[in-house]
Amino acid sequence: MGPGCDRDRPRRAGLIGALGSADAGLRGTAAYALGQIEDPRAVPALVARLKDQTPAVQVLAAEALGQIEDKGATGGLVAALGSDDAALRLAAAEALGQIEDPSAVPGLVKALQDKSSGVRVAAAEALGQIEDARAAGPLAQALSDADPDVRMAAIEALGQLDDVKQAPPQLVSALKSPNPEIRIRAAEALGQIEDPGTVAALGAAMSDSDVKVRLAAAEALRQIDSEATKPYFIAAMKDPSPEVRRTAAEALGERN
């Protein structure tokens, strides 16, 4: 039976009522349980708990709203991004990513400037989950963030966005990052975007000193439909890595 079945109605009503209890522990337990039930009829009451006097209850309410995934919670969660409590801002950003409501994009874009790096990571990840192309520019700017986790989250999010036809220059530049993990993520994201204008940059990455970067670049080029990729695959047939050589050979076979 679904979350709204008659058998669950008394329990659900009791839990929603418990959100108004004078006992913070009971309010928190009720919020958690309502998240497990995933009934959208609990959304208004949970949104009200985002302003609970107890911070832990606020966080549990935000997490529950993320589990329910109802767009009726978007406004309250976006407002919670402005809280003084970093834990609530983090939970709100994560919940908005689960809900995937495009109307949350402006609030999440603003959260990319949050003073907490954890919130900035969560905001970038949420924007990737929402997949709205309006986030492309702000996520590209986030590639200059001082925190490498934020940069990696922004790179991954850029690869997830819908209708991005031209790769941001900052993402292409990330192929030259001193951090090999960032170079790998950048290549993967560029492969998802499939911009023929990035062929030369990805081709250059196939000469990277890190084999994982070379392999990611080869896989990315494989996803781009352009004859300009062929010379790079031909050159990669001499790569010291058998995996890179195999990827290059398969790509050439697909193009012949």
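We did not get these values from a lab; they are worked out from the coordinates using the rules stated. Remember, predicted model here, so these are calculated numbers, not experimental data. Cβ: placed from backbone, ideal geometry, glycine included. Neighbour counts: every protein chain shown.
Quick rundown of the values:
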read-out: Net charge of Cβ neighbours under 13 Å - reference ASN256; Lys, Arg +1; Asp, Glu -1; value: -1
read-out: Given charges at beta-carbon only (K, R positive; D, E negative), |dipole| of the range 1-68 in Debye; value: 140 debye
read-out: For the chain, built as a Gaussian network whose Cα springs stay under 10 Å, the top-fluctuating residue of ALA61, ALA189, ALA79; value: ALA79
read-out: Pairwise centroid distance, computed over Cα atoms, of the range 106-139 with the range 201-251, Å; value: 31 Å
read-out: Lys/Arg +1, Asp/Glu -1 at C-beta; the chain dipole; positive extreme among PRO102, ALA189, GLY76; value: GLY76
read-out: Karplus 3J(HN,Hα) series, Hz, for the range 186-198 with 6.51 cos²θ - 1.76 cosθ + 1.60 (x for Gly, Pro); value: 5, 4, 4, 5, 5, x, 6, 6, 6, 8, x, x, 9
read-out: Farthest toward positive dipole pole in the chain [+1 Lys/Arg, -1 Asp/Glu at C-beta], among SER117, VAL150, THR247; value: SER117
read-out: Magnitude of the charge dipole, the chain, Cβ model with Lys/Arg +1 and Asp/Glu -1, debye to 20; value: 180 debye
read-out: Gained length - ALA146 relative to ALA133, 0.36 nm times residue gap less alpha-carbon distance; value: 2.3 nm
read-out: In degrees, nearest ten, helix 148-160 long axis to first principal axis of the chain (Cα); value: 80 degrees
read-out: For the range 244-252, 3J(HN,Hα) per residue [Karplus equation, 6.51 cos²θ - 1.76 cosθ + 1.60, θ = phi - 60°, Hz, x = Gly/Pro]; value: 5, 4, 5, 4, 5, 5, 5, 5, 5
read-out: Extension gain from ALA235 to LEU26, taking 0.36 nm per residue of separation minus the Cα-Cα distance; value: 68.7 nm
read-out: Rg(Cα)/(2.2 N^0.38 Å) for the chain, N = residue count; value: 1.25
read-out: Helix-only CD estimate at 222 nm, as mean residue ellipticity for the chain, using -39500 (n - 2.57) per DSSP H run (n ≥ 4); value: -19500 deg cm²/dmol
read-out: Per-residue ³J(HN,Hα) for the range 88-104, Karplus 6.51 cos²θ - 1.76 cosθ + 1.60, θ = phi - 60°, Hz, x for Gly and Pro; value: 6, 4, 5, 5, 5, 4, 5, 5, 5, x, 5, 6, 6, 8, x, 5, 7
read-out: 14 Å tail of the calculated P(r), the range 1-68, as % of Cα pairs; value: 48 percent
read-out: Of the trypsin sites (Lys or Arg not before Pro) in the range 90-182, those whose Cβ has at most 12 other Cβ within 10 Å and which sit in DSSP loop; value: LYS115, LYS165
